[in-house]
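Accompanying notes for the structure given below.
Rule-based calculations on the coordinates, nothing more; no lab input. Note that the structure is predicted; figures quoted are calculated from it, not measured.
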């Protein structure tokens, strides 16, 4: 049997194959590490984090472009 452990945000933290359930686990044939369990029992991948460009990133870009390291 396959067992998974979820954290308090319903994210799959571990997957284990065994004969008996251990406290804190649920039996599930689906759900991969890092996925989020929905209220209906399905699993979804977490949303991609948004990347934010900081002012320092912009300054570094302009600096290295002026030095010819970045072309284009």
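Given an 8 Å cut-off on Cα distances and at least 6 residues of separation, report the relative contact order of the chain as a percent. Contact order relative to length: 23 percent. Between the helical axis of 55-66 and the longest alpha-carbon principal axis of the chain there is an angle of about 50 degrees. Compactness of the stretch 2-66 was expressed as the Cα radius of gyration divided by 2.2 N^0.38 Å, which yields 1.83.
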